[in-house]
Amino acid sequence: MSSSKRPMPTQAFASTNTSSLNPTIKEQQYVHDVYEKIAQHFSSTRYKPWPVVEEFLKELEIGSIGVDVGCGNGKYLGVNRNVYIIGADRSSSLIEISASRGFETLICDALNLPYRDECFVSIFDFVISIAVIHHFTTLERRIAATKELFRIAKPGSKVLIYVWAMEQIESRRKFDEHYQDVFVPWVIPADKNEKEEEIVYDRYYHLFKKGELDDIVANIDLAQIIKSDYNKDNWYVIATKRQ
Amino acid sequence: MRLITHNMLQCHAKNCNSNNFPLQLSQVEIVNQETEFNPMFLRNMLPKLEWNALVKTALQINVTLPTVLPESTTDDLDEEFLKTLHGILLETHILQGAMTCPNCNRVYPIKDGIPNMLLNETEA
């Protein structure tokens, strides 16, 4: 995710006085609450699909069924009309925007996806999660969220995951490599809100270093990495779930 | 929410691991929205559905489906039957209502077409 036009300094998350908060509260305050507040403005800046994601979706077989975990405003839900894709997000404000565009959506938590898998086998032919896993504040939770993606994917299916990179080569942002847990400000300009003054919200991000996402995926039972690369300030992995 | 989506949902509350599918629909408000008929999509998608659950759920909104999905889900499946399924699976939207877990009775609300599957901290 890129943010506003103006360069803004980023703060190291650990250096603030939030380190004593538990992960659930941190994520509520610095991720969920923020997206509820910035949904409209955020959505107005999110309309162009990233080419790698678009290609992934367009290559799917007709009649495929899948989930976009953390679909936001639904930017990827209409890319391929020959597949059935359910948009899932934690933010009800963003889901309302997706739904108003006619997309199939629901509200849920990425750590606890409400899809059948046990009495009946997993059914999804594909699962995507774009710019979501980096919002979890501990390694355990990032692993748990990634595991969930593979749990609901059926054997032979494909999973695509994007996370923000520490190494942002193309970006004006330069992160201090000593701090992987940072606040990235979201700025709503004065002419875009009722208060008519600039509002800044801090969003929590874990910046992934090269190989970090691969390590998480490689350690998940039945997950096999097909491709891993850097694109648009993000690391991404395309993996399959083995039979 | 379409019935295809419903067919994939199960209760995911902590310790609710059996008899948690399909969620039972009640107090539904339904709206039909026309959408393009895509027989190839349907033929490929149908085998992924849990048919018994779909039949059961369809009855809860007063729609009767054959108890067994005709074997020929590939090329020679009757076009009329596919059109009926298209109407039920892709054009029928549940706008308001509730989904109840047959095991633990947890109720998941559907509001403005959006199911809310969030659990509170003690349930997750």
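Throughout, read-outs are computed from the coordinates displayed, never taken from laboratory work. A quick note: this is a predicted structure, and the numbers were derived from the prediction, not measured. Note that we place each Cβ from the backbone using ideal geometry, even for glycine, and neighbour counts take in every protein chain shown.
Laid out as a table, the results:
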{"read-out": "Peptide A:72-83, shielding by other chains (average Cβ, 10 Å cutoff)", "value": "1"}
{"read-out": "Angle between chain B longest axis and helix B:51-60 axis [Cα atoms, degrees, rounded to 10]", "value": "70"}
{"read-out": "Linear extension gain, B:D78 paired with B:T64, 0.36 nm per residue minus alpha-carbon span", "value": "3.3 nm"}
{"read-out": "Efficiency of FRET between A:E140 and A:D176 - r from beta-carbon atoms, R0 25 angstrom, step 0.05", "value": "0.55"}
{"read-out": "Rg to Rh, two decimals, where chain B supplies the alpha carbon set and Rh follows Kirkwood", "value": "1.00"}
{"read-out": "Spacing of the two label points (7 Å from each Cα toward its C-beta) at B:K56 and B:F37, in nm", "value": "3.1"}
{"read-out": "Three semi-axes of the equivalent ellipsoid, chain A, Cα gyration tensor, whole Å, largest first", "value": "28, 21, 17"}
{"read-out": "From phi via Karplus (6.51, -1.76, 1.60), per-residue ³J(HN,Hα) for the range A:59-64 in Hz, x at Gly/Pro", "value": "7, 5, 5, 4, x, 5"}
{"read-out": "Around A:Q40: net Lys/Arg minus Asp/Glu count, Cβ-Cβ under 12 Å", "value": "0"}
{"read-out": "Distance between modelled label sites at A:E61 and A:I226, nm, 7 Å Cα→Cβ extension", "value": "1.2"}
{"read-out": "Value of relative contact order over chain A, rounded to a whole percent, pairs C-alpha under 8 Å and six or more apart", "value": "20"}
{"read-out": "Long pairs among A:K48/A:K154; A:K154/A:K209; A:K232/B:K111; A:K26/A:K58; A:K154/B:K83, criterion Cα-Cα beyond 31 Å", "value": "A:K232/B:K111; A:K26/A:K58"}
{"read-out": "Computed magnitude of the charge dipole of chain B (debye, nearest 20; Cβ of K, R +1, Cβ of D, E -1)", "value": "560"}
{"read-out": "FRET efficiency estimate (nearest 0.05) - Cβ-Cβ, A:E197 to A:E36, R0 25 angstrom", "value": "0.80"}
{"read-out": "Semi-axis lengths (Å, descending) of the ellipsoid that matches the C-alpha gyration tensor of the range B:52-124", "value": "31, 14, 11"}
{"read-out": "Sites B:L118 and A:K147 - FRET efficiency at Förster radius 22 Å, r taken between beta-carbons, to 0.05", "value": "0.70"}
{"read-out": "Gain in span if fully extended, A:S44 to A:E167, counting 0.36 nm per residue against the direct Cα distance", "value": "41.6 nm"}
{"read-out": "Computed label-point distance, nm, for sites A:S100 and B:T100 using a 7 Å Cα→Cβ extension", "value": "3.4"}
